[in-house]
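Here's the structure we're looking at; comments come further down.
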Amino acid sequence: MRRVLVAGNWKMHKTPSEARVWFAELKRLLPPLDSEAVVLPAYPMLPAAKEVLSGTEVAYGAQDVSPHREGAYTGEVSARMLSDLGCRYAIVGHSERRRYHGETDALVAEKAKRLLEEGIVPILCVGEPLEVREKGEAEAYTLRQLLGSLDGVEPSAPERLVIAYEPVWAIGTGKNATPEDAEAMHRAIRKALSERYGEAFAQRVRILYGGSVNPKNFAHLLSMPNVDGGLVGGASLELESFLALLRIAG
Ligand code: 13P
């Protein structure tokens with residue numbers, strides 16, 4: 001019912017020339033897939049993604065978007081620009097943006113709305129920092145963030161929304177949440193989605209896990225009933241390891 005999604009968040013890595021070579025190699029080596037593969041490079045690599053990956057099974061998208069539609073917003077990139085470049089997905093509310101750029105739930109919700117207006121699927125990230133988990137408040141914190149970031153966000157279909165649970169303490173640390181901990185949070189997220197959008201809708205929204213996903217731990221994470229894929233940082237940069245994740249997803 002929910003197609004597994006493997007999304008590679010490249011963060012601020014690679015150059016456009018390096019990305020072009022990587023995309024071409026991915027296209028050459030891509031196995032037949034039942035799951036869905038998405039690459040999320042920095043903005044300057046999207047034209048190369050469009051050239052090389054259009055017409056393939058691999059989707060691509062952005063790591064962020066402006067909350068504004070158009071206008072005098074120096075340095076910003078609009079959802080309409082991303083749509084013109086063929087982006088099918090974009091991340092919003094990544095913890096690195098929340099932490100280093102002061103993004104609030106309300107801002108994240110505005111960004112998600114701009115994406116939906118342009119037919120782009122938001123990959124909306126939530127997740128607790130370590131001190132919150134240690135206090136035993138991970139679930140309450142994450143669900144509050146989820147509902148705040150979905151305020152006024154009304155996707156026309158469940159396939160138009162993806163949630164990523166990324167516990168902050170698991171990002172880039174090599175410490176992933178146990179599959180059981182991830183499953184417990186994903187179940188709580190789905191329940192909150194069901195209260196927000198209805199049960200039938202919530203059952204079809206994909207919830208990805210992110211935080212030190214690699215080819216060694218991915219199969220176990222994916223075996224959990226509410227884990228519908230991964231949002232992968234470090235392990236998506238090397239083509240070999242991204243391909244390994246795709247083979248695991250099937
Ligand atoms: P790592 O896979 O490098 O831990 O990064 C996770 C992440 O933040 C993906 O968005």
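The values are calculated or read from the model by the stated rules, or taken from the named source; none is laboratory data. As the structure is a prediction and not an experimental result, all values here were calculated from the model. Here the Cβ positions follow ideal geometry from the backbone for every residue, glycine too, while neighbour counts run over all protein chains shown. Heads up: the accessible areas ignore ligands, DNA and RNA and are worked out on the full protein's heavy atoms, side chains in. Shrake-Rupley method; radii C 1.70, N 1.55, O 1.52, S 1.80 Å.
For the reader, a short list of remarks on this structure follows.
- If you sort 111, 11 by accessible surface, 1.4 Å probe, largest first, the order is 11, 111.
- In the chain, helices alone account for a calculated mean residue ellipticity at 222 nm of -12000 deg cm²/dmol, with every DSSP H run of four or more residues adding -39,500 (n - 2.57).
- Ranking of 1, 45, 81 by solvent-accessible surface, largest first: 1, 81, 45 (1.4 Å probe, protein heavy atoms only, all chains present).
- Whether segment 1-156 is rounded, prolate or oblate, judged on the alpha carbon gyration tensor where a/c under 1.5 counts as rounded: prolate
- Spacing of the modelled spin labels on residue 159 and residue 84, each 7 Å from Cα toward Cβ, amounts to 2.7 nm.
- Per residue value of the accessible surface for the chain (all protein chains in place, 1.4 Å probe), Å²: 44 Å²
- Dipole size of the chain about its Cα centre, with +1 on Lys/Arg Cβ and -1 on Asp/Glu Cβ: approximately 280 debye, rounded to the nearest 20.
- Taking every C-alpha pair closer than 8 Å and separated by at least 6 residues, the mean separation divided by the residue count of the chain gives a relative contact order of 21 percent.
- Net charge, residue 79 excluded, C-beta distance under 14 Å - Lys, Arg +1, Asp, Glu -1: 0
- A Förster distance of 51 Å, applied to the separation of the beta-carbon atoms of residue 73 and residue 223, puts the FRET efficiency at 0.70.
- Between residue 203 and residue 21, the distance separating the two model label sites (each 7 Å from Cα on the Cα→Cβ line) works out to 4.8 nm.
- Charge context of residue 69, other residues only, Cβ under 14 angstrom, K/R +1, D/E -1: -2
- The residues packed around residue 95, meaning those with a beta-carbon under 14 Å from its beta-carbon, carry a net charge of -2 if Lys and Arg are +1 and Asp and Glu are -1.
- Computed magnitude of the charge dipole of segment 159-208 (debye, nearest 20; Cβ of K, R +1, Cβ of D, E -1): 160 debye
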